[in-house]
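One structure is given here, and the rest of the page talks about it.
Quick note: the coordinates plus some simple rules give every number you see, no bench work behind them. Quick caveat: nothing in here was measured; it's all calculated off a predicted structure. Note: ideal-geometry Cβ built from the backbone for every residue, glycine included; neighbour counts use all protein chains shown.
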Amino acid sequence: MNKLSLTILFIGLFVTNVFAQQRPGPSSELKDVKISGKVIDQETKEPLEYATVAFFSKQQNKIVTGGITDTKGNFSIPVPAGVYDISIEYISFKKITLADRQLLEDVNLGTFEMQVDSQALEAVEVIAEKTTVEIRLDKKIYNVGKDLTVSGGTVSDVLDNVPSVSVDVEGNVALRGNDNVRILINGKPSGLVGLNSTDALRQLPAESIEKVEVITSPSARYESEGTAGILNIILRRSKLQGFNGAMTLNAGHPDSYGASGNVNYRTGDINIFNTSGYRYSNSPGNSLSFDRFFNKEFDENTGDLIIDNPDTFKDEYRETERIRKGFNTNFGVEWYINDSASFTNSIVYRDSDNESTTLNKIFFFDENKVLEDENFRLDPEKENNKTIQYTSNFTKNFKNSGKFTAEFQYEESDEDEASDVIVDGIFSETVTTLNNQERILLQSDYVLPIGENTQFELGYRGSFQDNITDYTVEKLDSNTNAFEIDTNLSNVLNYKEDVNAVYTQYGTKFNKFSFLLGLRMENTRITIDQPTSGDYKKKNYTGLFPTINLNFEISESENITLGYSRRLRRPRSRMINPFPSRSSITNIFAGNPDLDPTYSGTYDLGYLNRFGKFVLSTSIYHTHSKDTWSFVQFDTGETEEINGRDVNVLKRSPINLATNDRFGYEFNLTYSPNRKWRINGDFNFFKSIDRGDYNGLSFDNENVSYRARLSNKYTLPGKIDWQTTLSYRGPSETAQSKSEGVLFTNMAFSKDVFKDKGSISVRVSDLFNSMKRQSETFTPTYYSYGEYRWRQRSFNLSFTYRFNQKKQRQRPSRQDMGGDEEMMF
């Protein structure tokens, strides 16, 4: 905690010093005068609430003060006496400027009638309505603000509607069918995601998102983690003067409700921003598995039958009720020191209280499928997650000589779980998991322009993480009637990971051709310490990660891109912790402490064409990976005693297989017949080839699968927007199992109210209640069929109100794009 205390002290002293230096110029020696007036719409004569009034001093070369109008369009602002340029602004209206006004006493400036700026309004509408596939040398940028099927939803809902991205029934995010995707917020790891990203993404409100960057060929600037690529979530943030923002309320069935908002207040050189949300949800789910155990044994050498026991059967049904209660907030202050430098401090806090109750029903049958025994296991679990993150960022633009940024980030997360297990009505077991993580991030970048179309960049990134997992299982001793710690299951895992990286890249454009070449070097040091078992391991590996991104502009509306990047996937604490989960005592998951990182290289050839009312984006890609992970399930040979019988324990665990080759083709087409109608189709076809052996068994496998999504948005009479999205995930196979395809539908309606300041939306997720996973597993010792449904069909009603904003949003500046310096070639 000394690191945290020093960090808070440093930030506090710096911010205090910053604000202490915000002294006005010589005019502050004069008295304040009160300047008042009124702002109305010239056409309707109605007052304009939240119009911005700013007072610019040429002597001080900055905005000295400002304010906004009230509900009646009136403003009354105290101003140090002096000479100012007065500006009055409102989104989609022409700016009014009063130059060189001498303000030495209280004055009412009268009524200002603002005219609608038709050109600005039209431009804003075009930006907001188009599907927007913005192509950069190393990414695609999707504006998600007009997607009705995520209104009132979560970040998981948003991602599941972004081309190339999918979210499965368990909430796992995949990019082009590969689940090793790195998720960033505003270009950095964030406490809003926390320890359990899957659960956290279900808590964050969809309305907080401005856009999503899909980075399938990351440049050297980005960390090398994530063999599939990177998803960078950009949160909403305004640079407008005055107070502006939006609030959303939502409720639904099964029981869910929430509130979220994003607000900004900018006055002079200070911008204060906040994004907050609270969400409650109750998500019932269920699963089942039918297992057949082959109890025959054969001689390994001759293949002769040794033991001819009849097959036995086990059916297991699981019903789960999950209650999620979560609050998150991101508060920050940005100080524009001068025209070329800014300093930003922000705090992220996330607190979620979760409860889940799982009822397992197990039935045992003999070879004739006659019921022999049954068992009921009730597992009520409580989970509390807390994350706090502090970030300081300094940005300096040098005149004609580049841009320098430096950032410090400290994060602490706690995730505590506790459950009391009841078997056949008897309180027989307690399971507690205490997880604490501390992380420090240091990053510095320098971008140097060379001429008009060339730039050079270099930087450093250090990430230092400590994670402690304390896992305790206590079982009831029937002889003493007391709970005792099971030392075979209880475990403490200390996981430490330090990553230091340096990178450089060079980009240029000549005629219609541009390229961005980069090289990143990362050193990773990992310590795995398990004091309860005495196991202690250290791993140290250094890798070079080259990146190449090429672009050729055939015309202003048509271009071709080619990219190559080398990436890796590091095993995290859950994947290397060998002690099993306890949601089911006969179907368990356990990590593998010998798991090594996976290295991959990806080639990506893309094509973009905007022609008429169509926008076409397509690409062909190939990824070759070494030491890839596969999750294998096998009979451990161990048993658990249930009602006096020994039951086989099935275990699922990750292992390193030899190689994986993934070939794919994706296709995205948007058609807009008119301003009322938009159709978008997204298709991704891929083939995966695995080659490897484990425990004498071949895991060679070839799997062909595909994913498709069709979205239709149409404006009905009465200006009611209607959107329907159909998604299909094709069947897939591994060496041990195969899964059936999944088809599901989302539908939404939206209507603007209160003169476009508000919107009411109704959303139905999984309209036909068809979103479930069905799979079969084949091994030499057993066969298993399973179904899993994370949640059932849900309904949501949401209301959004915008103040000092229009429904359409302006294109953000570069600084709003997560801090990345874009190559605008």
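The table below gives the values:
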item	result
Potential lengthening between residue 251 and residue 607 on full extension [0.36 nm per residue; Cα-Cα distance subtracted]	124.0 nm
Positive dipole terminus of the range 687-752, leading residue within 712, 750, 730 (C-beta point charges)	750
Nearest-0.05 FRET efficiency for residue 793 and residue 43, computed from C-beta distance (R0 41 Å)	0.35
By average C-beta atoms within 10 angstrom, highest first, the peptides 691-699, 767-775	767-775, 691-699
Sorted by Cβ neighbour density within 10 Å, fewest at the top, the residues 622, 253	253, 622
Where the Cα pairs of the range 671-716 fall when distances are cut into 5 Å bins, in %	5, 15, 16, 10, 11, 8, 9, 6, 7, 5, 4, 3, 1
Förster radius 35 Å - calculated FRET efficiency between residue 537 and residue 337 (Cβ-Cβ, nearest 0.05)	0.15
Cα-projected label distance for residue 631 with residue 487, points at 7 Å along beta-carbon direction, nm	3.3 nm
Options 467, 501, 478, ranked by Cα towards positive dipole end of the range 407-560, top entry (Cβ charges)	501
Within the range 244-816: Cβ-based charge dipole about Cα centre, in debye rounded to nearest 20 (Lys, Arg +1; Asp, Glu -1)	4520 debye
Theoretical FRET efficiency, 1/(1+(r/R0)^6), r = Cβ-Cβ of residue 753 and residue 555, R0 45 Å, to 0.05	0.60
Relative packing of peptides 596-607, 415-426 - highest average C-beta neighbours within 10 Å first	596-607, 415-426
Area projected by the alpha carbon convex hull of the range 244-816, averaged over all directions, nm²	32.0 nm²
The range 707-795: relative contact order as a whole-number percent, Cα under 8 Å and 6+ apart	22 percent
Burial order of peptide ranges 95-102, 69-76, 257-264 (average beta-carbon count within 10 Å, highest first)	257-264, 69-76, 95-102
Gain in span if fully extended, residue 676 to residue 115, counting 0.36 nm per residue against the direct Cα distance	199.3 nm
